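Each remark here refers to the structure printed beneath this line.
The values are calculated or read from the model by the stated rules, or taken from the named source; none is laboratory data. Since we're looking at a predicted model, the values are computed, not measured. For neighbour counting, all protein chains shown are included, and Cβ atoms are generated from backbone atoms with ideal geometry for every residue, glycine included. Only protein heavy atoms, including side chains, enter the accessible area calculation; ligands, DNA and RNA are left aside. Shrake-Rupley method; radii C 1.70, N 1.55, O 1.52, S 1.80 Å.
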Amino acid sequence: MREIPQQLVDPCSADPHGEPVLRLEEAIARMLAEVQPVTGEETLALRPALGRILSEDVRSTVDVPSHTNSAMDGYAVRAADLPTDGSAELRLVGTAWAGRPLSETVEPGECARIMTGAPVPVGADTIVIQEHVSAEGERVRIGPGHRQGQHIRRAGEDVRAGDVALGSGAVLQPAHLGLLASIGVARVTVRRRPRVAFFSTGDELRSVGETLEAGQIYDSNRYTLHGMLARLGVEMTDMGVIPDDPVQIERAFASAAGEADAIITSGGVSVGEADFVTETLGKLGTVGFWKVAIKPGRPLAFGRIGDALFFGLPGNPVSVMATFYQLVRPVLLRLKGIMAPDPDVLVRAVCGSRLKKKPGRMEFQRGVLTRDASGRYSVETTGHQGAGVLRSMAEANCFIVLPMDAESISPGDEVDVQPFSALVWF
Ligand code: AMP
Ligand code: MG
């Protein structure tokens, strides 16, 4: 990684000191190159393992299904007894229930009533659904058109005893919990969760519950960060508000670096007189870069203090959310141990609004995405897009993603939209 530049240039101007402005993809690639998943594991019961990353292969000791069974309610028959034309009459010998197998064998000329999930009785090899049968007492009449082996679920067709049912690295989703339960596994070994410490910087910030004096504002970034981090399934330490004081910032950084795998700050990364974050990061660790060609977002610091990754996000509340989702989230997923996250979801939508945009940076404008009865997606801007206008996030359900070279958008133009719902891990 590169050391922090000695003279900090104005990060909001277009590069007067030749400091490269990074494209988003390059910024992400550079960060990912620095990140190893956390090491350390723990063993958990299935339910609390939701969203965690499996750190060992899980082999099944059983077949699933454990016995060959019926996929339908109907009659278990021998294929040799099925008529090719006309119909055949079979003698009913009993009923097989799910959980209550039939002990009788189905001999030639016989059949058994069978319910979904019931073991197929010995002798039978085919199920005829009840709608295709006329039954009167012990006499069961079956017509033509049936196929040997139909409606039968074979033992082990889902999972075989000895197979790896779920490989190391799997991100445990509801289906995985169910699959593990289906093979009788009650506990799994998973990676530990990354520990993320976060705090806000700024002399003007007060926490909710405190009284505001002139010029002060409530700290909202720790709340949005809490929400976004909680949904990524990391362990969080909220370190509160740190004033714009280099000594206190340094102390906070050092203490966070001692216990966290990643540190996230907001505010104090530009080059105002009271912006000490980048400077302190350079003093205690290394700074990776600090300008990314996205709006809202720049400036931004990325680096490392000791073993902890460091993200210095801008102070503006919308910038915090946009940079978290676009830059921090992919890195935290890797830190968790998700090596191949699902691809980003982008929806093409017709934009109903006029959007102002300058070429040269990617923009994440806030919008409301809707889908009409014919399946057509449309998006409208939430209006005022200022980086401090948190309402633009609160009223939105998506980012309108405008690429680097795009210029202003006119109503009727198609745009890419990133639904917020796709940014939630689970
Ligand atoms: P900064 O990046 O420190 O220059 O802050 C940019 C703007 O964001 C300023 O208007 C700050 O008052 C505001 N700001 C910084 N941190 C927070 C926070 N935690 N909550 C709300 N607004 C903030
Ligand atoms: Mg500040």
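Out of L284, L229, one residue alone is more than 29 Å from P403 (Cα to Cα), in contact with a Phe, Trp or Tyr (Cβ under 9 Å, 6 or more places away or on another chain) and away from ligand 1 (no atom under 14 Å from the Cβ). It is L284.
Looking at region 258-283, which of the residues that are under 20 Å from G202 (Cα atoms) and assigned to a helix (DSSP H, G or I) is nearest to ligand 2 (Cβ to nearest atom)? So that I can check it myself, show each step before the final result.
To start, the set of residues in region 258-283 that are under 20 Å from G202 (Cα atoms) comprises 263-283.
Next, from what is left, pick out any that are assigned to a helix (DSSP H, G or I): 277-283.
On the way: V277: 9, T278: 12, E279: 13, T280: 13, L281: 15, G282: 18, K283: 18 Å.
Checking each candidate, the answer is V277.
Within region 193-230, the set of residues being among the charged types (D, E, K, R) and either more than 16 Å from ligand 2 (Cβ to nearest atom) or open to solvent by 40 Å² or more (accessible area, probe 1.4 Å) (or both) comprises R193, R195, D203, E204, R206, E210, E213.
Here are some residues: V196, V171. Which one is under 24 Å from the mean Cα position of the chain (by Cα), more than 14 Å from ligand 1 (Cβ to nearest atom) and under 20 Å from L54 (Cβ atoms)?
Details: V196 fails: under 20 Å from L54 (Cβ atoms).
Step by step, each of V196, V171 is checked, and only V171 is under 24 Å from the mean Cα position of the chain (by Cα), more than 14 Å from ligand 1 (Cβ to nearest atom) and under 20 Å from L54 (Cβ atoms).
Reported count of residues in region 335-373, each being surrounded by fewer than 21 Cβ atoms within 10 Å (Cβ to Cβ) and in a helix (DSSP H, G or I), is 0. Taking each residue of region 333-360 that is within 21 Å of A406 (Cβ to Cβ) and looking for partners that are aromatic (F, W, Y) with beta-carbon atoms closer than 8 Å, six or more apart or interchain, yields V347/Y377; R348/Y377; A349/Y377; V350/Y377. Among the criteria (1) closer than 30 Å to P48 by Cβ; (2) open to solvent by less than 10 Å² (accessible area, probe 1.4 Å), the one D238 does not fulfil is (2).
Going through region 263-284 one residue at a time, which ones are touching a strand residue (DSSP E or B) at 6+ places or on another chain (Cβ under 7 Å) and buried (at least 22 other Cβ atoms within 10 Å of the Cβ)? Listed by number, the residues that qualify are I263, I264, T265, S266, G267, G268, V269, V277, T278, L281.
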